[in-house]
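The values are calculated or read from the model by the stated rules, or taken from the named source; none is laboratory data. Everything numeric here is computed off the predicted structure, so don't read it as measured data. For neighbour counting, all protein chains shown are included, and Cβ atoms are generated from backbone atoms with ideal geometry for every residue, glycine included.
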Amino acid sequence: MLQETAKAAWEYGRQFLMNGRVADYIPELGKANPVYLGLCIKTPDGKTVEYGDVEQRFTMQSICKVVCLAAALQQEGFDKVFSHVMMEPSGDAFNSILKLDTASNRPFNPMINAGAIEIINLLAPTFAFSDLLEFVRAICMDDDIVLDEAVYRSESETGDRNRAIGYLLKSKDVLTGDVLQTVDLYFKLCSLSITARSLAGLGLVLANGGVHPENGIRLLSAQTVRTVKTLMFTCGMYDRSGEFAVRVGIPCKSGVGGGIMASVENRMGIGTFGPSLDEKGNSIGGGHALEYLSRELHLHIFDSETG
Ligand code: GLU
């Protein structure tokens with residue numbers, strides 16, 4: 001049943017691929033093949049169901065913001081983290097600088113670039129890149145995650161807007177560390193090379209309350225997981241988060257590399273990969289596949305029928 005529904009969702013998502021385009025503002029991302037679409041579902045009882053391009057590696061991009069927030073909540077605690085970033089949807093593009101200059105010193109939320117850069121400023125004194133890489137491997141249940149050097153270089157060469165965000169935060173005394181080092185760590189985390197399976201693994205750990213389902217190890221506290229999933233739900237899909245919450249109703253986070261990570265409470269983690277993006281930066285095939293799955297399996301958090 002799950003197999004058939006997943007296949008149908010994948011086929012449904014594929015119909016939309018030609019309506020989007022791959023991100024090319026980071027030149028290396030522009031080389032992605034827009035016809036890729038992969039869908040992977042992992043359940044707490046160890047089942048994996050997948051279709052399409054699930055072995056294809058691509059970069060994590062904005063999805064690393066979820067991992068950074070989780071690590072910061074674990075390390076620094078809720079109050080400290082939210083004295084540096086707010087919890088409000090911004091309604092602006094992920095890389096916008098506007099409200100940061102006009103409306104508030106603190107970034108609106110940890111899922112936009114300004115928020116993630118500020119969160120990484122909190123992490124940097126304690127964690128080296130190698131520590132965070134280990135954490136990402138564990139939480140994604142994927143030991144093969146490595147840095148994609150070509151994307152990292154390309155991000156760094158074209159990343160002045162992110163450096164500008166860092167300097168603006170520094171000018172407001174919100175970012176206290178070294179701007180260039182902080183933003184460099186952000187570029188590296190965005191450039192981690194993952195698959196749809198890794199995203200299903202991450203979604204599953206979050207769906208399972210922060211406990212790795214295979215070895216029983218608690219990776220995140222229940223409060224961290226609750227906070228992360230709430231912010232994914234309200235802010236995880238760029239400035240389409242509201243529409244996505246209504247149509248799909250699952251906490252999700254997307255990245256401009258084409259990934260979407262979704263976490264269905266106690267039931268499953270879902271990872272999709274499709275680099276053809278809508279105009280907001282969300283995978284167009286992945287988003288539609290998730291909408292299909294949500295409808296057929298009653299995954300919307302406010303769906304009163306059960307799947
Ligand atoms: N590295 C990308 C940037 O900062 C991440 C964007 C994203 O996936 O939203 O522009």
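Could you list, in sequence order, the residues of the range 71-96 that are among the hydroxyl-bearing types (S, T, Y) and away from the ligand (no atom under 16 Å from the Cβ)?
S83
Just the residues that are surrounded by 24 or more Cβ atoms within 10 Å (Cβ to Cβ) and more than 16 Å from the ligand (Cβ to nearest atom), please, taken from the range 54-70.
Listed by number, the list holds a single entry, A70.
Taking the range 235-266, which residues are under 22 Å from Y152 (Cα atoms) and hydrophobic (A, V, I, L, M, F, W, C)?
Within the range 235-266, V256, I260, M261 qualify.
Please determine whether any residue of the range 140-152 is among the aliphatic types (A, V, I, L, M), at pLDDT below 95 and more than 12 Å from the ligand (Cβ to nearest atom).
Looking for residues that are among the aliphatic types (A, V, I, L, M), at pLDDT below 95 and more than 12 Å from the ligand (Cβ to nearest atom), one finds at least one in the range 140-152, hence yes.
Can you confirm whether F82 is surrounded by fewer than 23 Cβ atoms within 10 Å (Cβ to Cβ), touching an Asp or Glu at 6+ places or on another chain (Cβ under 7 Å) and of a type in the set (F, W, Y)?
no
Between V66, V54, V49, which is among the β-branched types (V, I, T) and assigned to a helix (DSSP H, G or I)?
Exactly one of V66, V54, V49 is among the β-branched types (V, I, T) and assigned to a helix (DSSP H, G or I), namely V66.
Return the total of residues in the range 30-69 being under 20 Å from L189 (Cβ atoms) and β-branched (V, I, T).
Here the count works out to 4.
If E155 satisfies every condition in (1) crowded, with 19+ Cβ neighbours inside 10 Å; (2) more than 17 Å from K65 (Cα to Cα); (3) within 15 Å of the ligand (Cβ to nearest atom); (4) of a type in the set (D, E, K, R) but one, which is the exception?
Failing condition for E155: (2).
Quick test of your reading of the structure: L169 fulfils all but one of (1) assigned to a helix (DSSP H, G or I); (2) under 23 Å from T59 (Cα atoms); (3) within 16 Å of the ligand (Cβ to nearest atom). Name the failing condition by number.
Among (1) assigned to a helix (DSSP H, G or I); (2) under 23 Å from T59 (Cα atoms); (3) within 16 Å of the ligand (Cβ to nearest atom), the lone unmet condition for L169 is (2).
Looking at the range 257-291, which of its residues are over 17 Å from V54 (Cβ atoms) and hydroxyl-bearing (S, T, Y)?
Selection gives S263 alone.
Answer yes or no as to whether I194 is aliphatic (A, V, I, L, M) and under 13 Å from the mean Cα position of the chain (by Cα).
So I194 passes the test.
Which condition number in (1) at pLDDT below 95; (2) of a type outside the set (V, I, T); (3) closer than 26 Å to L299 by Cα is the one that D173 fails?
Tallying (1) at pLDDT below 95; (2) of a type outside the set (V, I, T); (3) closer than 26 Å to L299 by Cα, D173 fails exactly one: (3).
Looking at (1) at pLDDT below 95; (2) aliphatic (A, V, I, L, M); (3) surrounded by 21 or more Cβ atoms within 10 Å (Cβ to Cβ), which is the one condition that is false for L2?
(3)
Here's the yes/no breakdown for (1) out of contact with any helix residue (DSSP H, G or I) (no Cβ under 8 Å at 6 or more places or on another chain); (2) among the small types (G, A, S); (3) at positive phi; (4) free of Cβ contacts under 8 Å to residues at least 40 places away in the same chain:
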| position | (1), (2), (3), (4) |
| --- | --- |
| R57 | yes, no, no, no |
| F82 | yes, no, no, yes |
| D92 | no, no, no, no |
| I117 | no, no, no, no |
| N121 | no, no, no, no |
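Is it the case that the range 175-190 has a residue that's within 17 Å of the chain's Cα centre (by Cα), surrounded by fewer than 19 Cβ atoms within 10 Å (Cβ to Cβ) and within 30 Å of R267 (Cα to Cα)?
No, because not a single residue in the range 175-190 is within 17 Å of the chain's Cα centre (by Cα), surrounded by fewer than 19 Cβ atoms within 10 Å (Cβ to Cβ) and within 30 Å of R267 (Cα to Cα).
Go through the range 208-229 and give me each residue that's within 16 Å of C252 (Cα to Cα) and basic (K, R).
Passing the criteria: R226, K229.
Suppose the filter is of a type outside the set (D, E, K, R), touching a Lys or Arg at 6+ places or on another chain (Cβ under 8 Å) and closer than 17 Å to G259 by Cα; does L147 pass it?
yes
Would you point out the residue of the range 15-26, among those that are more than 16 Å from the ligand (Cβ to nearest atom) and either surrounded by fewer than 18 Cβ atoms within 10 Å (Cβ to Cβ) or of a type in the set (S, T, N, Q) (or both), that is farthest from S156 (Cα to Cα)?
Q15
Only residues that are buried (at least 19 other Cβ atoms within 10 Å of the Cβ), assigned to a helix (DSSP H, G or I) and more than 16 Å from the ligand (Cβ to nearest atom): list them for the range 121-134, please.
Result: L122, L123.
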